[in-house]
Amino acid sequence: MFKLTHKIPNTIFIAVSGGADSMAALDFLRKGRRVRVLHFNHGTEHAEEAQDCVERYCKENDIKISIGGLFGKECPKGSSKEDFWRKQRYSFFESESMGSLSGNWRDSPVVTCHHLDDVVETWLFTSMHGEGRLIPSKRDNYIRPFLLTRKAVFEDWCDRKDVPYVTDPSNTDTSFMRNYIRHKLMPHALTVNPGIHKVIRKKI
């Protein structure tokens with residue numbers, strides 16, 4: 001079951017990529033709440049499949065959805081593609097949630113579906129750069145209520161509730177730093193401390 005860091009408002013935006021994490025969170029949060037989905041298309045080979053999955057789910061469940069994308073923008077030479085995508089994504093989220101066209105949704109919080117595995121990986125990465133940092137549960141207009149929940153819980157939810165999702169093939173590409181940490185460093189960290197997720201959870 002999901003473990004939440006705090007109570008979630010009744011009117012929210014939710015960032016949905018099409019992966020198991022965000023699709024399970026959407027399926028969980030839409031019941032009893034006014035929900036609007038924000039989906040960002042990164043223009044990758046996987047992107048159209050992900051967008052189709054999110055759109056179909058929203059249509060079947062009568063959920064409002066806004067879609068953004070790179071629209072021809074390219075990552076500057078020498079820059080991190082991960083960082084470029086993140087900035088473009090958050091720019092879209094902010095324009096939708098706080099812009100003049102958001103209507104009576106304006107300033108409703110944006111839920112992102114970061115989970116405990118993300119927190120541990122971020123802590124490991126930042127620790128290797130001198131200061132271990134945790135993903136905050138709240139920042140500006142963003143809330144991250146699932147930081148106490150393991151990734152496997154989201155996957156189990158999708159399997160049990162028959163919630164569709166797509167798996168991005170690039171998640172195994174270790175040229176991306178996040179994937180390198182997840183697939184290369186985390187197994188070693190778990191060898192040193194098998195209970196690292198419990199240790200970090202206490203700090204959230």
Item to check | segment 50-204: relative contact order in percent, alpha carbon pairs under 8 Å with at least 6 residues between | outcome: 20
Item to check | Neighbourhood charge, 10 Å Cβ-Cβ cut-off, centred on SER17 and excluding it, Lys, Arg +1 and Asp, Glu -1 | outcome: -1
Next on the checklist: Order 110-120, 151-161 from most to least packed using the mean count of other Cβ atoms within 10 Å.
Outcome noted: 110-120, 151-161
Item to check | Where the chain is the region considered: accessible area per residue in Å², 1.4 Å probe | outcome: 56
Next on the checklist: Accessible area of segment 1-152 with a 1.4 Å probe: how many percent of it is carbon plus sulfur?
Outcome noted: 48
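At 222 nm, what helix-only mean residue ellipticity would the chain give, in deg cm²/dmol to the nearest 500, using -39500 (n - 2.57) for each DSSP H run of four or more?
Working: 8 runs with 82 residues, N = 204.
Estimated from H runs of four or more residues: -12000 deg cm²/dmol.
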Checklist entry - Where does the charge balance sit around LEU116 when Lys and Arg score +1, Asp and Glu -1, over other residues with C-beta under 9 Å from its C-beta? => result +2
Checklist entry - At a Förster distance of 30 Å, what's the computed FRET efficiency of ILE67 paired with THR191, Cβ-Cβ distance as r, to 0.05? => result 0.10
Next on the checklist: Report, in listed order, any pair from LYS7/LYS184; LYS138/LYS202; LYS138/LYS161; LYS3/LYS151; LYS3/LYS198; LYS31/LYS151 with a Cα-Cα distance greater than 23 Å.
Outcome noted: LYS7/LYS184; LYS138/LYS161
Checklist entry - How much net charge surrounds LYS161 when only other residues with a Cβ under 15 Å from its Cβ are counted (Lys, Arg +1; Asp, Glu -1)? => result -4
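The values are calculated or read from the model by the stated rules, or taken from the named source; none is laboratory data. None of the values given here were measured: they were computed from a predicted structure. With ideal geometry, Cβ positions are generated from the backbone for all residues, glycine too; neighbour counts draw on all protein chains shown. Remember, those area values only see protein heavy atoms, side chains included, never the ligands or the DNA or RNA. Shrake-Rupley method; radii C 1.70, N 1.55, O 1.52, S 1.80 Å.
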